[in-house]
1. Candidates [x] 0.92; [y] 1.17; [z] 1.25; which is the computed Cα Rg over 2.2 N^0.38 Å?
2. Output the peptides 20-31, 55-66 sorted from most to least packed, where packing is the average of other Cβ atoms within 10 Å over each peptide's residues.
3. Long-range amide H contacts for A70: which residues qualify at under 5 Å (H placed 1.01 Å from N, peptide plane, sequence gap of 5 or more or a different chain)?
4. Set Lys and Arg Cβ to +1 and Asp and Glu Cβ to -1, take the dipole of the range 1-83 about its Cα centre, and tell me which of P22, V6, V32 lies farthest positive.
5. Quick test of the membrane-span-like rule: which DSSP H helices of the chain reach at least 15 Å along their long axis (C-alpha atoms) with mean Kyte hydropathy at least -1.0?
Amino acid sequence: MTRIAVTEAESAILSALWRHGPLSFASLIEAVKADNAWGDATIKTLLGRLMRKGAVRSQRDDGRQRYHAAIERRDYLAGEIDTLVDRLFEGRRDALRVFLDEA
């Protein structure tokens, strides 16, 4: 699977979709604002970026446009962990395990 690079800010949009499932734009704005002091335009910009990356898709459900996470949370987390392991532990997961056991 190809990893989609997601910024920390973009991950807030995905988190809302993973927590609540498909959301209308208004509901997505409300869910994201519950955890972030961002304006609507910021959220719309982040959503647009995620859609261009293929991490979020929109679909018409019951006559309403809804946004869906197009990547699974587990896949996202695995990719983030892989990035961390590559950057800090020379790609060695066992080194991360040892570090966590000693922490």
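Here, each number is a calculation from the coordinates, and none is a lab measurement. As the structure is a computational prediction, the values presented were derived from the model and not from experiment. Positions of Cβ are backbone-derived with ideal geometry, glycine not excepted, and every protein chain shown enters the neighbour counts.
1. Identified label for the calculated read-out: [z].
2. In decreasing order of mean packing, 20-31, 55-66 become 20-31, 55-66.
3. Amide H neighbours of A70: V56, R57.
4. Of P22, V6, V32, it is P22.
5. The answer, listed by residue number, is 8-20, 40-53, 73-88.
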